[in-house]
Amino acid sequence: MSPPTNAQRPQAPTGPLAHIPVEILLRITSFLSTTELGNVRLTCRSLEQSLFHFFSHEFFRKKQFMVFTDSLQALIDISKHPALSRVLKHVIIATDGLSEQTLSHIQVQGSNGQADDTNLFSQGYLAQADQHHLLDSGGLKDMLAEAFRNLPNLDTLDIRDFNSSTRNRDGEGARWTSYGSKTLARRISPMGDGLSLSNCHARHRFPDQIFSAMVAALAAADAHPLQIHINIRSNKSYRQPWDLSDKAFYIPPRLETPLESILGGLTTLHLSLSANDAVYVRDPKCPSPFMLHRFLSLTPNLTWLRLNMSPQPPAQPGAVPPWECVFKWIIDESTQAHAHPSSPYQTQPIRFSKLEQLDIGHVVMAERTLFQLVSRLASSLKTLSLRRVVLLQPQDADSDKATGWAHLIKHIGALHGVDIREMNLAFLQDGYSFRRRYGWVKNNVNFVAHGGSTRRITERSFQGTSTPAIVAQILRDILAPIPSAIAPGDSSDGGDSSDASGVSDSDDSDDSEEEMDVD
């Protein structure tokens, strides 16, 4: 029997919803949960086609995956889909992994010999082995490269240790999670809580390994994204850093040529950094993250640079705060004269002549260094965002006097050629080191609230048509500091540790949690 022709085939029922204008249909479906939306799309082909563009934009323009084979295979499958491969622009690799507590628990339970417990142990053991193999064998790099090669509109790569809580369609607090994470969590734990995103799980320096694999995958695929975001929130402590170490930025000789072109095309770079393994190369008081310097030297076309640091106060009187050396490399033009072309430890600084926005967070630095940094970038800088920055004052400074921030900002306003139109200031402090026997002192900087209120606030955004106008606003609204004593070695910044507000990474609706402050 011959198959029916198109004319003989029955037409799929359309139903009344298929005749509703798309604008109204979108309004109706905006109130539906993800499951309900899926059911609507399955009612008829006409509805599926009407909703596909908006559905794919919401669920596939930006997608989060994890370092497990099933999740990465889904990324590869999407990259080979004729329509979705063109939609996916923002790829997130999250740090989902098995927590030490989960591994210990399932091992103990598995030793009981119970069938269910033994199955959980086996699933957890397999999941751990899968993740280790991907990282240790180069499988992560290979799978990422295969996907990147087939994503023509890849714009942003992102590593993060949190799930965004902006999945508003599914209720307040609903989160965007890594593909496959909920299924895997249920396999290895009856409560579905077997995975962790933070640095309590089994892999040490996990973000380092993901970043290195991601950069190598870009070189293998010859992919040219415009943005790289490293968003690390957990454990902002110098005792157990979870941020990228200097070794993460190592570029092997075989990748130098392809990465020079790829990194040269970046316009946005957001980094979370740890200074714990920086090496003392030129200055015995200044640890130099020379691999980071080399990496940054290949990004001359950046328009937005964000540097979030793991807090680390100077270890002794007169010592240079570790992160000073990152900024001194950008500032110090004399490095060009000292740097030997063949030296792997010294890289000539670049001017970042196109940089329009600079964000700095979680750092202790000298007032002079910050002033010189802004001065160096003044010709192009439009936005300056400073969050949880401790401005280290001279040892003979009086901690009871007016804030050094007012002094700094006044001098920034007087810079020749500066054209900053926006300053975002939050949780700033003046630091007075080793002036008292019990440690160093930090004074919290406050501002007058909007509308002439007398209430003190710790976070303000200032905009204006010129830098002098912005500086005048700040000097008018900045308040006398409130002192708070900090014991030796305490990395607390005196701010509200529960605060999660910050400078948004982008104007995307599901990016509101990607902040400069990554607690």
Q. Rule-of-thumb check for the range 16-60: C-alpha Rg over 2.2 N^0.38 Å?
A. 1.01
Q | Calculated from backbone phi, Karplus (6.51, -1.76, 1.60) coupling profile of the range 174-186 in Hz, x at Gly/Pro | A | 5, 10, 7, 10, 5, 4, x, 5, 5, 5, 5, 4, 5
Q. Excluding M214 itself, what net charge comes from residues whose Cβ is under 10 Å from its Cβ, given Lys and Arg +1 and Asp and Glu -1?
A. 0
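Rule-based calculations on the coordinates, nothing more; no lab input. Quick caveat, the model's predicted, so the values are computed rather than measured. Glycine also receives a Cβ, built like all others from the backbone with ideal geometry; neighbour counts cover every protein chain displayed.
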